[in-house]
Amino acid sequence: PDGVRALGSAGGIEDRLRLVAFAELQARDLFLYGYERFSGHAPSAWTNSWRRFAEVEDRHAQMLLSRMEELGQSPGARTVSDKLSRLCRATDDAVLFLFLLSSAEERGMDAGFVIGEQMRQTDSVSAEIFAQIAREEVEHVDAARGFLAPFSAAGLQERARALSADL
């Protein structure tokens with residue numbers, strides 16, 4: 001993937017809009033994949049949430065892509081990483097799948113709050129979009145934490161690292 005330019009530089013806001021839009025599209029596709037792949041193998045509370053969350057992720061992506069269009073930016077102008085998709089699709093374990101996806105959601109939520117604040121002075125419209133997305137991701141993160149509570153976080157982290165090393 002291309003590097004992310006500094007926020008204050010030319011292209012810095014564009015890079016963040018693109019990066020997060022792609023992350024939201026990946027999350028949408030992965031939630032749908034998880035719903036289809038693990039229905040009947042994972043608790044229905046999980047898969048039903050994933051289906052609902054996919055709709056939210058799609059709305060988030062469309063907000064960001066619309067903002068890019070308003071600014072005259074091209075979503076495909078630079079490349080971003082698809083490692084999360086490759087990781088999630090490489091596991092046949094619904095628990096590890098959820099751990100991988102929820103870890104990314106949590107990182108994204110935290111980053112969204114920070115980016116929203118950092119961007120407020122230079123692009124208040126984009127800043128509010130990031131902040132809104134981060135606020136809405138809280139539900140996804142909280143649900144995943146609850147679903148994963150019975151499992152060993154350290155064990156899941158180790159399995160995630162091993163899977164990542166194999167890709």
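Overview of values
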quantity: Residue 145-residue 44 FRET efficiency (beta carbon distance; Förster radius 22 Å; 0.05 resolution); calculated: 0.75
quantity: Probe 1.4 Å, all protein chains present, accessible-area order of 19, 25, largest first; calculated: 19, 25
quantity: 140, 41, ranked by accessible area, largest first (probe 1.4 Å); calculated: 41, 140
quantity: J(HN,Hα) series, the stretch 7-20, from Karplus relation 6.51 cos²θ - 1.76 cosθ + 1.60, nearest Hz, glycine and proline x; calculated: 4, x, 8, 4, x, x, 5, 4, 4, 5, 4, 5, 4, 6
quantity: FRET efficiency, 1/(1 + (r/R0)^6) with R0 35 Å, evaluated for residue 121 and residue 89 via beta carbons; calculated: 0.35
quantity: Accessible-area order (highest first, 1.4 angstrom probe) of the listed residues 4, 141; calculated: 4, 141
quantity: Angle in degrees between helix 44-70 and the longest Cα principal axis of the chain, rounded to the nearest 10; calculated: 10
quantity: Length-normalised contact order of the stretch 26-139 in % [C-alpha pairs under 8 Å, at least 6 apart]; calculated: 23
quantity: With DNA, RNA and ligands ignored, accessible area of residue 63 (1.4 Å probe; Å², nearest 10); calculated: 40
quantity: Heavy atoms of residue 55 accessible to a 1.4 Å probe, total area in Å² rounded to 10; calculated: 130
quantity: Efficiency of FRET between residue 154 and residue 4 - r from beta-carbon atoms, R0 25 angstrom, step 0.05; calculated: 0.25
quantity: Cut-off 11 Å, label 7 Å out along Cα→Cβ of residue 110, residues of the stretch 125-167 by amide N; calculated: none
quantity: The chain, helix-only ellipticity at 222 nm - DSSP H runs n ≥ 4, -39,500 (n - 2.57), divided by all residues, nearest 500; calculated: -26000 deg cm²/dmol
quantity: Protein accessible area in the chain, 1.4 Å probe - carbon and sulfur %; calculated: 53
quantity: Solvent accessible area, Å² - residue 82, 1.4 Å probe, full protein context; calculated: 70
quantity: Whole-number accessible area per residue in Å² for the stretch 31-167, which is evaluated in the context of all protein chains at 1.4 Å; calculated: 52
quantity: Kirkwood hydrodynamic radius of the chain, Cα pairs, Å; calculated: 16.5
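The values are calculated or read from the model by the stated rules, or taken from the named source; none is laboratory data. On a predicted model such as this, the values are computed, not experimentally measured, just so you know. Counting neighbours? That spans all protein chains shown, and the Cβs are built from the backbone with ideal geometry, glycine included. SASA here: full protein model, heavy atoms, side chains in, ligands and nucleic acids out. Shrake-Rupley method; radii C 1.70, N 1.55, O 1.52, S 1.80 Å.
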